[in-house]
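Data first, discussion second: the structure below is written as structure tokens.
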Amino acid sequence: MVRFVAYMSMLAMLFSVHILSAQTKKDSLKLEVESKKAALSEEHQSEIEKLKKFKDVVVFQEKEKLKEEVKKIEERLAKGELTKEEAEDLKTEAARTAAKNIENRTAILDNKIALAERGENFNERRDLRSTVLIGSKGIELDNEMYTDSTTYRRRIKYDKRTYGSVTVAVGINNAVIEGKGIDGSPYQVGGSKFFEIGYMWNTRLFNNSNAVRFRYGLSLQYNGLRTNSGKYFVEYGDQTILEEFPYDLKKAKLRMDNIVAPVFFEFGPSKKVERDRYFRYYNSRMFKIGIGGYAGLNYSTRQKLKYKKDGDKSKDKLKTDYNTNNFIYGVAAYVGIGDASLYVKYDLNPIFHNAETKQNNVSLGIRWDLD
């Protein structure tokens with residue numbers, strides 16, 4: 001009997017130790033899981049939250065796709081391509097497919113969430129970039145727009161009416177002389193040049209047509225006038241005239257730098273491209289014509305001289321206003337195809353104020369709109 005009691009006591013002790021060991025292992029495992037979960041980085045925690053939100057995105061996407069499919073079925077029914085019964089069958093099948101897609105895609109996300117909670121490395125953003133679809137409808141998540149695709153893009157407007165582009169123009173420059181026209185100009189045709197660079201916005205004027213666009217912006221203009229026959233610009237009080245240079249003059253060039261605000265009405269055909277969630281007008285490689293003008297200020301005038309004196313070459317840069325007009329305004333036009341155009345501009349203000357003979361700057365060249 002004593003031996004039996006001893007055996008039972010030993011058995012009870014072993015069982016107690018086993019239970020205590022199992023409980024200890026369970027507590028240790030629980031502690032390890034909690035410790036591992038707490039050790040997850042903030043980035044992991046953030047991505048886990050986003051994965052959970054993606055489930056709402058998935059539902060939204062599939063519902064949007066179902067709406068589009070039902071819309072197409074209704075259009076086919078209205079055209080007589082389907083009977084009412086066939087249309088109902090197709091709608092039922094489309095709804096069944098959408099439900100199955102939601103079930104499968106959310107299951108994938110649930111598995112990824114489970115992986116992430118165990119601290120496994122993943123990159124859901126990379127996985128979601130497998131395809132690209134731009135749209136205006138979707139779910140906004142952390143300033144990003146999710147559409148009916150397995151990707152995301154920044155918010156895109158359904159109808160983008162205004163675009164911006166850099167504009168560059170270069171060509172020959174000269175002056176129209178009062179009573180003589182451009183034929184009586186004392187400036188070289190090939191040696192007098194202009195350059196213009198600026199930024200222009202292009203806004204469509206009508207809701208359902210891109211035939212007329214309003215263009216506006218800001219530009220820097222550099223107009224140069226190179227003299228003929230060894231003459232240079234001389235300022236006498238409020239008058240600026242051309243005089244013979246006392247030495248062997250190789251080059252005399254006056255440069256006027258302006259900052260202006262050009263505005264144009266542009267006319268021309270466009271190609272309309274329509275998608276499910278956006279539409280755009282494109283006029284690349286198409287004819288266009290622009291008519292408008294500009295106004296601004298002259299902020300710098302200088303004369304550059306190159307000459308020989310006693311056999312030595314010399315260069316002078318003389319910076320003064322040379323009585324040029326401070327306020328600049330004129331008309332301009334261009335005609336071309338695509339990005340390139342033939343460009344002409346004409347200053348309505350005289351080059352020199354108080355001049356005995358009125359002179360107006362005129363330019364002809366090539367203009368590029370660099371989208």
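Table for the structure above
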read-out: In region 315-328, residue farthest from residue 357 (Cα to Cα) [restricted to those that are touching a residue at least 40 places away in the same chain (Cβ under 8 Å) and polar (S, T, N, Q)]; value: 320
read-out: When residues of region 204-260 are limited to those that are polar (S, T, N, Q), part of a loop (DSSP other than H, G, I, E, B) and touching a residue at least 12 places away in the same chain (Cβ under 8 Å), the one farthest from residue 370 (Cα to Cα); value: 229
read-out: Some residue of region 71-93 being in contact (Cβ under 8 Å) with a residue 24 or more places away in the chain, open to solvent by less than 60 Å² (accessible area, probe 1.4 Å) and either touching a Lys or Arg at 6+ places or on another chain (Cβ under 8 Å) or closer than 25 Å to residue 277 by Cα (or both); value: no
read-out: Any hit, region 297-304, residues being in a strand (DSSP E or B), open to solvent by 70 Å² or more (accessible area, probe 1.4 Å) and touching a Ser or Thr at 6+ places or on another chain (Cβ under 9 Å); value: yes
read-out: First in region 272-284 and in contact (Cβ under 8 Å) with a residue 24 or more places away in the chain and under 17 Å from residue 206 (Cβ atoms), second anywhere and aromatic (Phe, Trp, Tyr) and part of a strand (DSSP E or B), Cβ under 7 Å, 6 or more apart; value: 272/279; 272/281
read-out: Test: residue in region 76-97 that is within 30 Å of residue 116 (Cβ to Cβ) and modelled with pLDDT of 80 or more; value: yes
read-out: Selected residue (criterion: nearest to residue 289 (Cα to Cα)) from residues of region 329-363 that are hydroxyl-bearing (Ser, Thr, Tyr) and either surrounded by fewer than 17 Cβ atoms within 10 Å (Cβ to Cβ) or touching a Cys at 6+ places or on another chain (Cβ under 8 Å) (or both); value: 346
read-out: Single condition residue 308 does not satisfy, out of (1) closer than 22 Å to residue 214 by Cβ; (2) modelled with pLDDT under 95; (3) more than 25 Å from the chain's Cα centre (by Cα); value: (1)
read-out: Filter result for residue 317 (of a type in the set (Lys, Arg), at pLDDT below 95 and part of a strand (DSSP E or B)); value: yes
read-out: Single residue of region 261-278 satisfying the filter (part of a strand (DSSP E or B) and open to solvent by 70 Å² or more (accessible area, probe 1.4 Å)) that is farthest from residue 306 (Cα to Cα); value: 274
read-out: Filter pass, residue 281 being at pLDDT below 95, assigned to a strand (DSSP E or B) and farther than 18 Å from residue 193 by Cα; value: yes
read-out: Residue pairs meeting the criteria (Cβ under 7 Å; at least 6 apart or on separate chains; first over 26 Å from residue 283 (Cα atoms), in region 354-371; second open to solvent by 60 Å² or more (accessible area, probe 1.4 Å) and of a type in the set (Ser, Thr, Tyr)); value: 360/346; 362/346
read-out: Which numbered condition residue 116 misses (of (1) modelled with pLDDT under 90; (2) among the hydrophobic types (A, V, I, L, M, F, W, C); (3) in a strand (DSSP E or B)); value: (3)
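The values are calculated or read from the model by the stated rules, or taken from the named source; none is laboratory data. Computed from a predicted model, the values in this text were never measured in an experiment. Reconstructed Cβ throughout: ideal geometry from the backbone, glycine too, with neighbour counts over all protein chains shown. Heavy atoms of the whole protein, side chains included, go into the accessibility calculation; ligands, DNA and RNA do not. Shrake-Rupley method; radii C 1.70, N 1.55, O 1.52, S 1.80 Å.
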